[in-house]
Structures are given as C-alpha cells and as structure tokens.
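Dropping the structure in here first, questions after.
Laboratory data are not the source of any read-out in this text; all were calculated from the coordinates shown. Bear in mind the structure is a predicted one, so any value in this text is a computation, not a measurement. Heads up, the Cβs are rebuilt from the backbone with ideal geometry, glycines too, and the neighbour counts pull from every protein chain shown.
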Amino acid sequence: MRTTSDICIIGGGPAGSTLAVRMAQLGHEVCLIERSPFPRRHLGESLSPGVLPLLATIGVREAVEAAGFRRVRNVTVKWDQGPQERQDPAEQGLLVDRGHFDFLLLENAKSFGVRVVQSATIREQQRHEDGWSLRIEADGRTINLRTTFLADASGRSSSALPACRRRTGCRTLAVYAYWQGTGLPEQPRIEAGPDEWYWGVPLPDGSYNTLVFVDSAHFRKGSAVPLDTRFRELIGRSGLMAGCHDARLLGRIQATDATPYLDEECVTPLSIKVGDAALALDPLSSSGVQKAIQTALAGAVVVNTLLRKPERHDAAFRFYRNSLSDASERHRGWAAAHYGTVAVQGAGKFWQDRAIASRSSSVPLAAEAFNESHPLANAAVALSSGLEFVELPCIEGAFVSVKSAVRHPNLDGPAAYLGGRELAPLLRALPAGMTPYQLALSWSPRVPLESGLAIAGWLVSRGILVAQMDGQLAEPTEQAAR
C-alpha cells in the first residue's frame with residue numbers, strides 16, 4: 001500500500017498527538033505512527049496546572065475533564081522543613097491514568113482527520129532531497145509512506161531521528177513501582193531523603209505509584225543487592241507509605257533514566273523533534289507533560305513556516321532552538337534553587353551536585369502604573385544608554401517571523417512584546433522631554449491609556465526609561481533598577 005502526507009509524526013504521546021492536531025488545524029495532511037496499542041501504562045501521571053489551558057487549544061480539554069481524573073487539592077511536602085500541606089483550592093492539577101489520557105488525545109487527533117497507524121513498526125526510513133520515504137508494518141500489512149516532513153515524538157527511550165543530546169543536569173535514575181492496598185494516599189506526597197527524593201502519585205484506579213529519584217552512578221555501585229531489596233529499603237525510610245495497610249506490589253519494580261537533557265539538533269529543513277525527543281526537564285519540575293505539549297505547539301508553527309514560507313527557515317530554526325534552550329535553562333535554574341534549599345542544610349553529595357546552577361521574548365506586564373507620588377511622575381524621561389534594538393524571531397499567527405526587540409542589562413533576555421504589545425515600535429521614536437504620563441498619552445489610541453501607564457511604569461522600574469536632566473541621563477544603579 002502506498003500513501004503520502006505532508007508530515008509524518010512518529011509517536012502518539014501528548015507531544016505527538018498535539019503536533020498532529022495543530023498541523024491538521026493548519027490544513028496539512030498528517031500521518032501519525034504509534035508503536036504501542038493504547039491504553040498502556042506510562043509515567044508522568046501528575047499533570048501540572050498549566051496543562052488544561054493548553055489542551056483547550058487542541059479541542060480536548062472537555063473530554064479530559066469529563067474523564068473523571070483526580071483533581072489535586074493538596075500535596076504533602078516534606079522538603080527543607082517539616083511536613084507541610086500545600087493547598088490548591090482551584091484544584092488545577094490532575095492525577096491521570098496516562099494510558100487513558102494519551103488515548104483521549106489520540107482519539108482527538110483522529111477527529112481532526114489525522115491518519116493514525118497504531119501498533120506499527122517502521123522497518124525502513126530514508127531521507128531524500130525533498131522529503132522522506134518510510135516502510136511501515138502494521139497488522140500484517142506493509143505501508144509505503146512518502147512524506148515531506150518527519151517529526152520525532154517518540155520520547156526519551158527511542159529516537160526516530162539520530163539523537164544529539166547534551167546533558168543539562170546530573171545523571172538521575174527513577175526507580176518506581178505501583179501498589180494496591182487500603183489506606184493509600186489520595187493526594188500526592190513529595191519528600192527529601194538523605195541521598196534521594198521521593199514522589200508518591202495516587203492514580204484514578206486506586207493504585208499508588210511510588211518513585212525514588214537517585215544518583216545513577218551511586219545507585220549502580222550497589223547493584224549486587226537485588227533491586228527489590230534496595231527499593232523496599234528506600235521506600236521504608238520515607239513517609240510515602242505512611243498510613244497504608246496491606247500494601248502489595250502491582251507488577252515488578254522498574255527503573256528508568258530521568259536525566260535532563262537538550263537535543264542540540266532539534267530541527268532541520270525536513271525534520272523536527274518535540275516532547276522528550278527534544279527536551280527533558282529535571283523531574284523535580286513535575287511539568288514534563290506540560291512542556292512536551294508546549295514544544296509541540298511551538299513546533300507546529302515552526303513546521304508550518306518551513307513548509308509554506310521556506311524563505312524564513314533561518315528565523316524558524318533560531319526561534320525553536322532558542323525557545324528550547326531558554327526553557328531548559330529556566331527550569332534548570334528553578335530546580336537547582338529547590339535542590340539548594342536542602343543542600344544548605346548540610347545534605348550530602350546528591351543534593352550539593354544538583355544545587356549547582358543558578359530568560360523570553362514576551363514579558364508579563366505587572367500593574368506598575370504611575371501615580372502622583374511616583375518619583376518620576378513629573379520628570380522628563382529618556383531611553384537608557386544601555387538599551388539596544390535587536391532582531392528576534394517570534395511567533396506571529398501561524399508562522400515564525402522576525403520582530404524588532406529590545407535588549408538591556410536589566411532584562412533576562414531580548415523582549416519583543418510587553419503585555420501583548422510590540423515594545424520596540426513604542427520606543428524607537430520616543431518623543432524627547434516627556435513625562436511617563438505624557439508618553440502613555442502619546443501612545444494612544446493604539447495603546448489604551450491604562451495599558452500605556454503600566455508599560456511606562458514597567459520601563460522605569462527596569463531602568464529602561466531614566467530621568468533626563470539638562471540633556472544628561474540619570475542612570476539608576478543596578479540595584480535601584482531592579
């Protein structure tokens with residue numbers, strides 16, 4: 001059997017299904033190849049609060065909310081202090097059966113016209129100047145597929161495209177097992193141990209997943225001791241099973257790599273990697289599924305640009321590589337800070353190593369509008385001498401385009417938008433001798449006055465707008481600017 005597509009996606013997890021839907025929404029013919037039958041058990045059962053809004057963009061939020069997955073009301077945390085209950089009254093996080101969750105996303109992709117070939121194996125894969133040819137076996141038949149673009153959404157353990165991964169954190173192993181019994185926790189538990197940390201995840205079917213994150217090299221030194229014995233010892237010195245009665249294992253104890261990394265060849269003219277094939281975060285972030293979906297949403301715009309506006313390929317490459325790199329660095333710094341809260345208390349090498357580490361084109365706009373009491377409310381302001389205008393690739397609608405952005409020492413990175421407004425056009429022709437309030441007035445009607453005042457306040461607070469005195473700029477100190 002011979003068939004064609006604009007894009008072939010390998011892997012039907014959250015990243016693959018999301019990319020498939022977005023490409024179909026953009027009018028492309030999409031084929032998705034998945035090796036395993038669904039449903040199947042998979043790690044990543046605790047979904048962060050940011051997942052549901054992302055699911056709305058691909059039309060599957062209602063189906064997921066109707067599936068009856070557990071809501072996260074509170075999390076028991078024993079980290080750098082004694083046991084604490086972290087509350088989430090809005091119950092935005094979810095505890096899901098990943099088999100069912102992934103099935104819902106894949107069925108949603110089918111509803112958008114995505115051709116799904118499941119329980120399929122790719123026997124041969126060849127790249128040509130204008131695309132790819134694949135020989136696929138599924139249900140005893142052979143499919144010869146010709147596709148223009150290939151997307152690797154196959155995850156961490158199997159790569160459809162050659163991996164070029166740079167480790168971005170310490171080598172980490174997740175040892176885990178599922179339990180049944182009475183008195184199992186109904187909400188997640190997180191705990192720091194002497195040379196490891198623990199995560200307990202109650203699942204919709206009443207089972208309980210207990211995970212221990214350990215240093216890979218240190219754990220392998222004790223390989224002479226059976227895995228079952230070592231795992232039970234580790235779990236026994238934690239509070240993950242406190243209050244549980246008659247707990248018994250469901251299946252075998254397993255171990256999987258949990259080392260964070262970044263693939264440095266995440267996009268080429270004819271291929272892209274999304275999800276764990278492109279980027280893996282430290283498991284402490286507990287946002288792996290969210291980030292996988294985000295890479296797929298960004299990746300869809302990148303692929304659409306490469307297919308329909310190939311003259312913008314440089315901007316598309318830069319945008320995708322920068323977005324993954326920035327996400328990796330941001331999460332790495334966040335994780336290091338949280339490991340550091342335990343490390344400073346004299347914890348061992350596991351914690352000390354992971355505490356070592358410590359930027360986006362769109363900046364959230366806080367309400368920093370001026371009032372009459374502000375020190376610069378009635379002062380003429382001008383641009384800081386440290387401000388630069390640079391070109392930055394950004395998403396604009398369904399394509400990647402290049403926008404003017406601003407760069408300043410007090411910003412984490414170049415900023416093209418502020419509160420949804422293009423920033424550079426507001427600053428390139430800044431009238432001289434105006435107060436912040438007058439500037440906000442000059443930006444109207446294209447920027448409402450309230451938003452203009454907030455933008456002016458943000459610019460002053462970051463030291464981008466500074467007081468002008470007798471033709472000289474009064475540059476604030478770095479501390480004052482922050």
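Could you order the peptides 133-141, 28-36 from most to least packed, using the average number of other C-beta atoms within 10 Å per residue?
28-36, 133-141
Is any residue of the range 273-308 close enough, with backbone N under 18 Å, to a label point placed 7 angstrom from the Cα of residue 356 along the Cα-Cβ axis, and if so, which?
So the set is 282.
Rounded, prolate or oblate: pick one for the chain, where a ≥ b ≥ c are the square roots of the eigenvalues of its C-alpha gyration tensor, a/c under 1.5 means rounded, and failing that, prolate if a/b is larger than b/c, else oblate.
oblate
Shape call for the range 123-171 from the C-alpha gyration tensor, a ≥ b ≥ c root eigenvalues: rounded (a/c under 1.5), prolate (a/b greater than b/c) or oblate?
In terms of gyration-tensor shape, oblate.
Once the Cα gyration tensor of the range 39-162 is diagonalised, what are the square roots of 5 times its eigenvalues, in whole Å and ordered largest first, as equivalent ellipsoid semi-axes?
Over the Cα atoms of the range 39-162, the semi-axes work out to 37, 17, 13 Å.
Compute the distance in nm between two label points, each set 7 Å from the Cα along the Cα-to-Cβ direction, one at residue 218 and one at residue 248.
3.4 nm
Right, here's the next one. Among bridges DSSP assigns within the chain, what percent are antiparallel (round to 5)?
Close to 75 percent.
Say the cut-off is 25 Å between C-alpha atoms; which of 309/403; 78/349; 110/403 go over it?
Listed pairs above 25 Å: 110/403.
State whether the range 172-257 is rounded, prolate or oblate according to the following rule on the C-alpha gyration tensor (a ≥ b ≥ c being the square roots of its eigenvalues): a/c under 1.5 gives rounded; otherwise a/b larger than b/c gives prolate, and the remaining case gives oblate.
Prolate, since a/c reaches 1.5 and a/b exceeds b/c.
Could you calculate the FRET efficiency of residue 167 with residue 88 from 1/(1 + (r/R0)^6), where r is the beta carbon distance between them and R0 is 35 Å, rounded to 0.05?
0.60
For residue 1, put the label point 7 Å out on the Cα→Cβ axis and report which residues of the range 133-152 keep their amide N under 18 Å from it.
133-147
Sort 342, 402, 303 so the one with the fewest other Cβ atoms within 10 Å of its own Cβ comes first.
So the ranking, lowest neighbour count to highest, is 402, 342, 303.
Karplus couplings for the range 286-303 from phi (6.51 cos²θ - 1.76 cosθ + 1.60, θ = phi - 60°), rounded to Hz, Gly and Pro as x?
Once rounded to whole Hz, the list reads 6, 10, x, 5, 4, 5, 4, 5, 4, 5, 5, 5, 5, x, 4, 5, 4, 5.
With a point put 7 Å past each Cα toward its Cβ, work out how far residue 402 is from residue 428 in nm, to one decimal.
Roughly 1.3 nm, to one decimal.
Would you please give the residues with an amide H less than 5 Å from that of residue 32, counting only those at least 5 places away or on a separate chain, with H modeled from the backbone geometry?
9, 115, 116, 117
Which of the peptides 243-251, 39-47, 378-386 is most tightly packed, and how do the rest follow, judged by the mean count of other Cβ atoms within 10 Å per residue?
Final packing ranking: 39-47, 378-386, 243-251.
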